[in-house]
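Here the structure comes first, spelled out in structure tokens, and everything after it is commentary.
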Amino acid sequence: MSAAAPARAVTPALEAVAPRAVARAVPVRLLLGAIVGLSTLGHVVLSWLRPMPSLFPDEYIYAALGRSLIHTGRPLVRGGSAHFPALLEPILTAPVWLVHDVDTAYRILQFQNALTISLAAIPVYLIARRLRLAPWMSLALAGLAVATPQTLYANSVLAEPFSYPLLFSAILAAMALIEEPTRRRRILFVALVLLAALARVQLAVIPACALAAALANGIRERRLRRTLRDQWILVAIVAAGLCIALALSATHHLGYYGALLPNGLAGGDALHIGSVSVYVVLLSAGCALVPGAAVGWALALAKPRSRAEFVFACFATTLALALLAQCALYGDLHLVQERYLMYLVPLVGVFFALRATRRERRWLAELGTGAALSTAAAILPLAGYAKSSVQSIAPALFAVNRVEQTVGLPGTASLIVAVVATVLAGVAAAAAARPRAGTPLVLALSLAFSLAALAGGFSFDRSSDLRVRKTFLPADRSWVDHAHVGRVTYLAATGASRNVVLAAMFWNPSIDRLVRLPATASFDGLPQAVGSVAPDGTLEVHGQPVRRAVVADESLTTVELRDARRLAHWNVQTLWVPSGPVRLGSVMVGRPPSGHLLTRGALLLWPGTTQASGWLELRISASKRLPHGGGLRFKRPDAKPVVLTVPSGGSRLFRVPVCGGSWQAPYTTVPRYTEEISAGVPRFVPDPAACS
């Protein structure tokens, strides 16, 4: 496929809302296709250098939904409905999961994401042309749109590669619809809105933004009533959306996203993190664009040169406010929300172009805006926010982390970023005085800055993923699938880590169920069953015994099965194949694989019969750092206290009589609050003489 093929395949669908001159610009089409092709190639290279998914549970959810859709025809996660409304990505990527090798399927999906996110260059170019910008500048803006650090999301199993081009296509369709409402444009707009909302629920605000822009234009042109008649489709979509959202909220059927209305506002915290997030977005757009973009936005609202320019400015303003509100209401107020605001980055470039193409120039406005940006760079050091960027997957902050790794000091990294931002803002303000030569210079500097941030963000992301892979996965990531034991259940005990569980389930689709042992806390909002244990140790779910292989998670709990074969083991996970129903033999809560006990835990035993007679054998060891030795203290089922102690540096095998059926006993270490006590794996040894 040639580099121009993606552009030729997508452009005709949008030319209905683009100027006619674009259809005759064959050389421009070739250049636009080259931008899409180069962007796709670059992101494919970056994607294939990424070792593994790391944003859990998001990447696991999308992968699980895609697998379920192609194999069962239903959007299920771990055998149950996750009520996850963003189904566009799973639907479009479902055929990828027909490939049985998970790594191969993952690479194919990354190629699909790289191509899809690169197509965003086409609607951005068409938006610029509808705003009567020159072809070369429109191409430059298209290139900037696919060179931002946030396009690193193409490496991941996420919806952003699809929602990113869909948003700009919807903006283009909205501009055309408001300018001349025809039946064809209404149908195209409704289709794009539905697809965008199906990709990312947060983009359901698009119709409201379009309606606000249409009403603002109607008030400006003093024809509000006619606007309401012409834009009845926008009014209908917004009204229907509000009714559906309120109905779902009232019936508590919003599924994975919980509630429509948040519990409350955090006030100052929301304002602070919102300001930092906007600053990061402006940096991502290329600092040199910001002074001109701020002035261009103000002029497009106050002194627009055309209806399209005013409508675009109103739409972009409303969209920015809506996305910031989503950050404040639903986002984590301790993290920079780049995933919410990534769509604003190309809009900054468009506003810069609107300023650069005006003949009347008063470059003092850019100078003042540049000074404001420099002040923000000085008072908002990003190193502190960059430390938590891995949790929110913030690619621009990844680049700051990479600078910090290079220089070795967080303060120095923040200073370097602030200095670069100040210099670029100063160059942009100076270039505004000579727009003929300054505009290409500013665009080139911004593109270079964005590409540098993209490269730095990728470098940090890859090193972080390599550490995650080494921690959470063995060399054979699909080790459970390669055991060929059929469908497998993940058995989560107290202390199970969400990332460990989801990483194993992503790379091993044969693990299609998750069961928590009793008293084990839930670690995500996805379907999961709570098991019960019969008196003979049989593990049951909804009254039915589990009859399949299980992977037992032993992060902080040791699990031993009876009548089962230990087939494979890695780190904290053990693959068991039972000869019949899954039967528990013993569980020791608070005992990680190292054997060093937590200060509190519990010992549970299932001898297999209600008339058992035998011994509980348990080896106890005390560290030499305990001058008086130590051990365990617990009570037997008959309420008799048991204290098992050994001298400092000693080790001893204890035998406690077990008479009767299953029993459990909470324990504490002796002395308390020490983690210098070790214990072996408890086991039951039948002996009729034990209870005589």
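The values are calculated or read from the model by the stated rules, or taken from the named source; none is laboratory data. Just so you know, these numbers come straight off a predicted model, no measurement behind them. In this analysis, Cβ positions are derived from the backbone assuming ideal geometry, glycine residues included, and neighbour counts consider all displayed protein chains.
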ask   = How many of the residues making up the range 442-487 are in a helix (DSSP H, G or I), over 30 Å from residue 284 (Cα atoms) and among the charged types (D, E, K, R)?
value = 2
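Let's see how each residue does on (1) closer than 15 Å to residue 569 by Cα; (2) of a type in the set (A, V, I, L, M); (3) in contact with a Gly (Cβ under 7 Å, 6 or more places away or on another chain); (4) free of Cβ contacts under 8 Å to residues at least 40 places away in the same chain:
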| position | (1), (2), (3), (4) |
| --- | --- |
| 446 | no, no, yes, no |
| 451 | no, yes, no, no |
| 464 | no, no, no, no |
| 493 | no, yes, no, no |
| 501 | yes, yes, no, no |
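So that you can scan it fast, the table gives a plain yes or no per residue for (1) part of a helix (DSSP H, G or I); (2) at pLDDT 90 or above; (3) in contact with a Leu (Cβ under 8 Å, 6 or more places away or on another chain):
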| position | (1), (2), (3) |
| --- | --- |
| 226 | yes, yes, no |
| 245 | yes, no, yes |
| 261 | no, no, no |
| 271 | yes, no, no |
| 282 | yes, no, yes |
| 300 | yes, yes, yes |
request  = Assess whether residue 520 counts as being in contact (Cβ under 8 Å) with a residue 24 or more places away in the chain and among the polar types (S, T, N, Q).
outcome  = yes
query = Considering 55, 31, 46, which residue is at pLDDT 85 or above, closer than 30 Å to residue 460 by Cα and of a type in the set (A, V, I, L, M)?
reply = 46
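Residue-by-condition table, conditions (1) free of Cβ contacts under 8 Å to residues at least 40 places away in the same chain; (2) under 20 Å from residue 145 (Cβ atoms):
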| residue | (1), (2) |
| --- | --- |
| 304 | yes, no |
| 312 | no, yes |
| 320 | yes, yes |
| 325 | yes, no |
| 329 | no, no |
| 338 | no, yes |
| 343 | no, yes |
| 351 | no, yes |
| 356 | no, yes |
query = Regarding residue 548, is this residue in the same structural domain as residue 659 (by TED's automatic domain parsing) and farther than 18 Å from residue 474 by Cβ?
reply = no
note = Of 316, 308, the only residue that is surrounded by 22 or more Cβ atoms within 10 Å (Cβ to Cβ), closer than 30 Å to residue 436 by Cβ and hydrophobic (A, V, I, L, M, F, W, C) is 316
ask   = Taking the range 218-243 as the region of interest, how many residues are in contact (Cβ under 8 Å) with a residue 60 or more places away in the chain and either closer than 17 Å to residue 185 by Cβ or over 41 Å from the mean Cα position of the chain (by Cα) (or both)?
value = 1
query = So which of 632, 605, 584, 616 is farther than 18 Å from residue 686 by Cα and out of contact with any Cys (no Cβ under 9 Å at 6 or more places or on another chain)?
reply = 632
request  = Please enumerate the residues belonging to the range 62-91 that are in a helix (DSSP H, G or I) and surrounded by fewer than 19 Cβ atoms within 10 Å (Cβ to Cβ).
outcome  = 70, 71, 72, 91
query = Any residue in the range 196-205 that is of a type in the set (Val, Ile, Thr), part of a helix (DSSP H, G or I) and surrounded by fewer than 24 Cβ atoms within 10 Å (Cβ to Cβ)?
reply = yes
ask   = Out of all the residues in the range 172-195, which are of a type in the set (D, E, K, R) and part of a helix (DSSP H, G or I)?
value = 179, 183, 184, 185, 186
Qualifying residue in the range 561-568 (condition: under 15 Å from residue 511 (Cβ atoms), in the same structural domain as residue 499 (by TED's automatic domain parsing) and among the basic types (Lys, Arg)) = no
ask   = Within the range 60-79, how many residues turn out to be small (Gly, Ala, Ser) and either closer than 19 Å to residue 111 by Cα or in contact with a Leu (Cβ under 8 Å, 6 or more places away or on another chain) (or both)?
value = 4
ask   = Just checking, which of 485, 468 is at negative phi and in contact with a strand residue (DSSP E or B) (Cβ under 8 Å, 6 or more places away or on another chain)?
value = 485
